Amino acid sequence: KLSKRLETVVSYIKPNMKIADIGSDHAYLPCFAVKNGIASYAIAGEVVEGPYQSALNQVEAAQLTEKISVRKGNGLEVLRNEDQIDCIVIAGMGGSLITEILEAQKQKLASVSRLILQPNIAAEKVRKWLYEEKWQLVDEQLIEEEGKFYEILVAEPGNPTLPYIDLSKEFLLGPFLLKQRNDHFKQKWNAELKIWEKVLQELNKAEENQATEAKKQALLRKIEMVREELK
Ligand code: SAM
């Protein structure tokens, strides 16, 4: 059985897509997606030896070696043109690493009609990258599991401006998540607000100079913006 987080990620794979799960670790996601007839084929990419071995073992134990190719390599490097991958999944990493992986080999995205990205932190960076690279955010979901919040972002080639009204606000909060404004959303951002307010207190105690002043102003703007949305 998959975690709720990975199950939600899988729910965005369209029937019969050929998927690549980059940073697959134990390859739970591709095994689940192929076994349940959701994906027709999968590549599990891993850069670290331990997780790579664990992916190999998992795929073999599930007798899925014909439909899942486990490959060792950095990011999108494991993909070849002839794979004709429809959908790339990158889950369980920080937003910076996710955008670095995508940015490093953009040419590998030519055949891809859907990206499913689940940044543990810094989803803002991912939205910004998608926007600048002309990927249209088509859906988002915020889930809670074991006291942690996870954002899932889905993008397709298209019109990147479509979901946005106010870029700086919605890069941070997510245009779809902001519109839904559900309980998880309020809990997540209330928790973030508390952290930011603590940081601000610390900055107020720190010695005054231009750098801390700039940081304080930026943080204050963010706090006010988010507070406004939680009213
Ligand atoms: N995707 C799985 C999930 O969401 O449960 C595993 C997440 S795990 C925390 C992150 C995995 O990404 C690790 O196994 C790590 O080795 C792998 N990873 C990190 N950077 C990578 C890169 N540049 N290319 C491929 N894999 C990478």
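The values are calculated or read from the model by the stated rules, or taken from the named source; none is laboratory data. From a predicted model like this one, the values you see are computed outputs, not experimental measurements. Backbone-built Cβ (ideal geometry, glycine too); neighbour counts: all protein chains shown.
Values as computed for the structure displayed
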read-out	value
Answer residue from the range 27-37, given it is in contact (Cβ under 8 Å) with a residue 24 or more places away in the chain, buried (at least 21 other Cβ atoms within 10 Å of the Cβ) and assigned to a helix (DSSP H, G or I) and is nearest to the ligand (Cβ to nearest atom) among those	LEU29
Among the residues listed as ILE88, ILE68, the single one being farther than 29 Å from LEU167 by Cβ, β-branched (Val, Ile, Thr) and either within 11 Å of the ligand (Cβ to nearest atom) or modelled with pLDDT of 95 or more (or both)	ILE68
Test: residue in the range 98-109 that is closer than 21 Å to TRP135 by Cβ, touching a strand residue (DSSP E or B) at 6+ places or on another chain (Cβ under 8 Å) and surrounded by fewer than 21 Cβ atoms within 10 Å (Cβ to Cβ)	yes
Hits in the range 192-221 - residues which are closer than 23 Å to GLY147 by Cβ and either in contact with a Leu (Cβ under 8 Å, 6 or more places away or on another chain) or in contact (Cβ under 8 Å) with a residue 40 or more places away in the chain (or both)	LEU193, TRP196, VAL199
Criterion (over 16 Å from ALA123 (Cβ atoms) and modelled with pLDDT of 95 or more) met by exactly one of GLU213, GLU192, GLU156	GLU156
Number of the exception - ASP83 against (1) within 12 Å of the ligand (Cβ to nearest atom); (2) charged (D, E, K, R); (3) closer than 27 Å to GLU133 by Cα	(1)
Selected residue [within 16 Å of the ligand (Cβ to nearest atom) and farther than 27 Å from LEU162 by Cβ] from SER96, SER54, SER40	SER54
Whichever residue in the range 4-26 is farther than 17 Å from LEU115 by Cα and within 17 Å of the chain's Cα centre (by Cα) and, among such residues, is farthest from the ligand (Cβ to nearest atom)	LYS4
